[in-house]
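Taking it in order: structure first as structure tokens, then the write-up.
Any read-out appearing in this document is the output of simple, stated calculations on the displayed coordinates, not a laboratory observation. Worth saying up front: this structure is predicted, and the values here are computed from it rather than measured. Because the Cβ atoms are built from the backbone with ideal geometry, glycine has one as well, and the counts that use them run over all protein chains shown.
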Ligand SMILES: [Zn+2]
């Protein structure tokens, strides 16, 4: 077993339900050989109970739960930063030409490597990953996730209209390829399958029915797609589905459930929010993407009022990077900009959105999301270089909440000095600072 000594901050219960940040200075946390947390408390007490374990000293900075990204596109890592376009133009000019390149499996393997490096460097340990339109590229993604040790749920992206021809498939082929991928990967280690129509804009009822068959037949599979992101997109979906609402295009096929995560939902009607709430589905709020594409300001208050679970996603590559700290800060900005309509977010809310909320949305809250006894040790060590403004801020913080706010305001991926999944320290492709 291993004993970590650190200042630990986490949100074991939902701050939107009135719970507060848990902060322990100079805590000890004991992790067994299966990566499970078996003891936690004041360091002196934990040390006395475990006098022989190796101690890993992480006193500077803070230890947080591993970050959870509930919406991130693996094929788009190389096109992050395509600014200046709204959604449908950005897809045409930026995202889809790159996604077509993943027909070449060697290219896809390189992209999967770049992508997992991005996740690990940002401290993301669990992700719901939007896959590729090509089955061999999805295999490459699963292989990269398995190699890295990340907890990844992903699948084949399917569409049968209104996209470039090379990205289209048929409902039958989509079903066969999805079942094959699920057979190979679903439930293997930390990997799970996600049924993934790109969006109902590009998926006919026949294609959504094929998705429903896979969703029903693969036990424990997740469902993910996009919804209500951009006003032009919403209008076109309504036209394509004879005036029906966007959430209904999925719900009509049984695709909206506890194990569903729909990304964006910037422009929902109350009827759609009520449906999402009653079906117990989750929404992935993607703040930098919504800002970069000018999609709109996320109505978080209305989601909370309708009892809809809200987690957070980076939406790489429309989102501007992998950092869930940056997403948290942008979520905070956007709620401020909404004025009285916005939800005033504290640093505890931001940490919850970046950790526990994602674990909950993905049905993994018994395993990860905070650093309680019984959970897996998925953790990140935030330790800025000394003299860096974040380091100065942490040394001068007047409370744990204040210190955590500084991490969201100033923290970058280069401040993540250590990343663990299931008790194993994982590393990406580039040099990392040794623990000290
Ligand atoms: Zn997306």
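Where in the range 36-76 does the label zone of residue 101 land, with the point 7 angstrom along Cα→C-beta and an amide N cut-off under 12 Å?
Counting backbone N atoms under 12 Å from the label point, the list is 75-76.
Which distance in nm do the two modelled labels at residue 183 and residue 395 give, with both placed 7 Å along the Cα-to-Cβ direction?
6.0 nm
On full extension of the chain, what length is gained from residue 54 through residue 209, given 0.36 nm per residue of separation minus the C-alpha to C-alpha distance?
Numbers: separation 155, 0.36 × 155 = 55.80 nm, distance 5.38 nm.
So the chain would gain 50.4 nm between residue 54 and residue 209.
With a 10 Å cut-off between alpha carbons and a GNM built on the chain, which of 280, 205, 104 moves the most?
Checking each option, the largest mean-square fluctuation is seen for 104.
Provide the gained length on full extension for the span residue 143 to residue 414, in nm with one decimal, where the gain is 0.36 nm per separating residue minus the Cα-Cα distance.
Between residue 143 and residue 414, full extension yields an extra 95.0 nm.
Once Rh is set to the Kirkwood radius over Cα pairs, what Stokes-Einstein translational diffusion coefficient, in µm²/s, holds for the range 248-407 at a temperature of 10 °C and a viscosity of 1.306 mPa s?
94 µm²/s
Divide, for the chain, the radius of gyration over alpha carbons by 2.2 N^0.38 Å, where N is the residue count.
Computed over Cα atoms of the chain, the ratio equals 0.94.
Label points 7 Å out from Cα along the Cβ direction at residue 231 and residue 93: separation in nm?
2.0 nm
By how many degrees, 0 to 90 and rounded to 10, does the Cα axis of helix 231-240 deviate from the longest principal axis of the chain?
40 degrees
In cubic angstrom, how much convex hull volume per residue do the alpha carbon atoms of the range 141-246 span?
Value for the range 141-246: 110 Å³ per residue.
Which residue, 72, 407, 218, tops the fluctuation ranking in a GNM of the chain built on C-alpha contacts under 10 Å?
Answer for the Gaussian network model of the chain: 218.
Can you give the % of DSSP beta bridges in the chain that are antiparallel, to the nearest 5? Present the calculation step by step, with values, prior to reporting the outcome.
Working: 24 of 58 bridges.
Bridges in the chain are about 40 percent antiparallel.
Just from its helices, what would the mean residue ellipticity at 222 nm be for the chain, if runs of 4 or more DSSP H residues each count -39500 (n - 2.57) and the sum is divided by every residue, rounded to the nearest 500 deg cm²/dmol?
Helices in the chain give a 222 nm mean residue ellipticity of -10500 deg cm²/dmol.
State, to one decimal in nm, how far the label point of residue 386 lies from the label point of residue 346, with both points 7 Å from Cα in the Cβ direction.
3.3 nm
Once you have the Cα-Cα distance between residue 114 and residue 365, take 0.36 nm times their residue separation minus that, and quote the gain in nm to one decimal.
Going from the current span to full extension adds 87.6 nm.
Where the centre of each part is set by its Cα atoms, how far does the range 17-38 sit from the range 351-376, in angstrom?
First find each Cα centre; the distance between them is then 12 Å.
Using only Cα atoms, tell me the angle between helix 400-410 and the longest principal axis of the chain; keep it within 0 to 90° and round to the nearest 10.
Its long axis makes an angle of about 50 degrees.
Rounded to the nearest 10 degrees, what's the angle between the helix 324-337 long axis and the longest principal axis of the chain, both from Cα atoms, 0 to 90?
On a 0 to 90 degree scale, this one is about 70.
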